[in-house]
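A.B. asks: The following block contains the structure, expressed as structure tokens.
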Amino acid sequence: MSSPRSGSVLDWPAVSTRAGRRTPTEAERRRSRLRRKIRDNITAYGLLCAALVVFAMFSWYPIVRGVLLSFQQVDFVNPPTWVGFDNFTRLFEDPLFGVAWRNTVLFTGFALVFGFLVPFLTAVLLNELRHARAFFRLAVYLPVMLPPVVTALLWKWFYDPGPGLFNSALHALGLPGPQWLDSSGTAMLSLVFVSTWANMGSTTLIYLAALQTIPGELYEAAELDGAGMWRRLRHVTFPQTRFVLLVLLLLQIVATMQVFTEPYVMTGGGPDDSTVTVLLLLYRYAFVYNDFGSASAMSLLLFVALGVFSAMYVRLTRRADA
């Protein structure tokens, strides 16, 4: 006798696994996608919030606070008082204010002559090397790895009129040694040499990287046309690296306008205030005269000057490219 449960599987009734389900509407699908998107991004937003808080505390807040301090009389002992533009008036009446700006612009001009051309020419020479490339790149970049104060103290000994390295070498050759840092005629140039030596490594490597992106076929074509080294630089190298040159020129101007370490460590602003810069005078107002309001006003003026110059520079370069 056959069992009631016996029989072919094919005889069993088919049951749909999708029974009772309905197709979601378009609005429901959109809401589901939105929830999934928010859920996927919530971790990233959390990490960004932490970074924004840190950035606001250490970047935005000091900027806003500095602007407010420039209109207040502040010594961080007594409560601050609002003085309006009195801090700016005090700065303009200070004879050292104009001297500091003149010295800073002079330093920037000298630094561009040496700090812009020397790294570029060094990069061109390194690009032409066929042997010991790594050694010379390391030798050029090595000064950047030294702390700025160490570099300034090292060069201060080099410039020492007594046992200094430079004057000792000149005396050995029977030549008189100048008063490098003790003469108003040579002090500024001496600081420019230190700044150029200490900072040229990074700029040289950036130039070198830009030079290595130039196709070799361009130089080969120029050589076939009889172009010498100067013509190759003028018609191939300069046009191909123009963007890098313009960007680094702007960055160097902004950086050299903020020179502080060399005059502070090596000369203290002397001799005869010939090396007093804007940041050095700002330091004196803040930590020598205990006038943080005037120091903030000077920093605001420097910020505005560099901002206006940078905007004009970018506008002019864009117009030249158009």
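A.B. asks: Between Leu68, Leu117, Leu52, which is out of contact with any Gly (no Cβ under 6 Å at 6 or more places or on another chain), assigned to a helix (DSSP H, G or I), open to solvent by 70 Å² or more (accessible area, probe 1.4 Å) and closer than 30 Å to Gln212 by Cα?
C.D. replies: Working: Leu68 fails: closer than 30 Å to Gln212 by Cα; Leu52 fails: closer than 30 Å to Gln212 by Cα.
Checking each option against the conditions leaves just Leu117.
A.B. asks: A further question on this structure: Confirm whether Gln179 is more than 23 Å from Ala139 (Cβ to Cβ), more than 17 Å from the chain's Cα centre (by Cα), polar (S, T, N, Q) and open to solvent by 50 Å² or more (accessible area, probe 1.4 Å).
C.D. replies: yes
A.B. asks: Quick one: His235 ticks every box in (1) closer than 28 Å to Arg137 by Cα; (2) open to solvent by less than 60 Å² (accessible area, probe 1.4 Å) bar one, so which box is it?
C.D. replies: All conditions are met except number (2).
A.B. asks: Sort out which residues of the range 71-86 are surrounded by 13 or more Cβ atoms within 10 Å (Cβ to Cβ) and under 18 Å from Leu301 (Cα atoms), and write them in order of number.
C.D. replies: Across the range 71-86, the qualifying residues are Phe71, Gln72, Gln73, Val74, Val83, Asp86.
A.B. asks: May I pose another question? Could you give every pair whose Cβ atoms fall below 6 Å, whose first residue belongs to the range 75-89 and is of a type in the set (A, V, I, L, M), and whose second residue is open to solvent by 30 Å² or more (accessible area, probe 1.4 Å) and outside any helix (DSSP H, G or I), counting only separations of at least 6 or pairs across chains?
C.D. replies: Every condition considered, the pairs that remain are Val83/Gln73.
A.B. asks: Given (1) modelled with pLDDT of 90 or more; (2) not in a helix (DSSP H, G or I), identify the lone condition not met by Ala152.
C.D. replies: (2)
A.B. asks: While we're here: Against the definition (within 18 Å of Phe114 (Cα to Cα) and within 14 Å of the chain's Cα centre (by Cα)), how does Leu250 come out, yes or no?
C.D. replies: Spelling it out, Leu250 is indeed within 18 Å of Phe114 (Cα to Cα) and within 14 Å of the chain's Cα centre (by Cα).
A.B. asks: Has the range 286-298 got at least one residue that is assigned to a helix (DSSP H, G or I), open to solvent by 30 Å² or more (accessible area, probe 1.4 Å) and at pLDDT 95 or above?
C.D. replies: No, there is no match, as no residue in the range 286-298 is assigned to a helix (DSSP H, G or I), open to solvent by 30 Å² or more (accessible area, probe 1.4 Å) and at pLDDT 95 or above.
A.B. asks: Between a first residue in the range 115-139 that is touching a residue at least 40 places away in the same chain (Cβ under 8 Å) and a second residue that is loosely packed, with under 12 Cβ neighbours inside 10 Å and outside any helix (DSSP H, G or I), which pairs have beta carbons less than 7 Å apart while being 6 or more apart in sequence or on different chains?
C.D. replies: Asn127/Gln212
A.B. asks: Tell me the residue from Thr89, Thr122 that is in the same structural domain as Met298 (by the TED database), surrounded by 14 or more Cβ atoms within 10 Å (Cβ to Cβ) and modelled with pLDDT of 90 or more, please. Spell out how you get there, then give the answer.
C.D. replies: Working: Thr89 fails: surrounded by 14 or more Cβ atoms within 10 Å (Cβ to Cβ).
So the residue among Thr89, Thr122 that is in the same structural domain as Met298 (by the TED database), surrounded by 14 or more Cβ atoms within 10 Å (Cβ to Cβ) and modelled with pLDDT of 90 or more is Thr122.
A.B. asks: In the range 240-258, which residue that is open to solvent by 70 Å² or more (accessible area, probe 1.4 Å) and not hydrophobic (A, V, I, L, M, F, W, C) is modelled with the highest pLDDT?
C.D. replies: Gln258
A.B. asks: When the residues of the range 299-313 are filtered to those that are among the aliphatic types (A, V, I, L, M) and more than 20 Å from Phe85 (Cα to Cα), which remaining residue is least open to solvent (accessible area, probe 1.4 Å)?
C.D. replies: Leu306
A.B. asks: In contact with a Ser or Thr (Cβ under 6 Å, 6 or more places away or on another chain) and in a helix (DSSP H, G or I): is that true of Thr89 in this structure?
C.D. replies: Values: in contact with a Ser or Thr (Cβ under 6 Å, 6 or more places away or on another chain): no; in a helix (DSSP H, G or I): yes.
For Thr89, the condition - in contact with a Ser or Thr (Cβ under 6 Å, 6 or more places away or on another chain) and in a helix (DSSP H, G or I) - is not met.
A.B. asks: Another question, if that's okay. Please work out which residue is modelled with the lowest pLDDT, limiting yourself to the range 55-65 and to residues that are open to solvent by 80 Å² or more (accessible area, probe 1.4 Å) and more than 23 Å from Phe88 (Cα to Cα).
C.D. replies: Phe55
The values are calculated or read from the model by the stated rules, or taken from the named source; none is laboratory data. Because the structure is a prediction, the values reported are computed rather than measured. For neighbour counting, all protein chains shown are included, and Cβ atoms are generated from backbone atoms with ideal geometry for every residue, glycine included. In case anyone asks, the SASA skips ligands and DNA or RNA and just uses the protein heavy atoms, side chains included. Shrake-Rupley method; radii C 1.70, N 1.55, O 1.52, S 1.80 Å.
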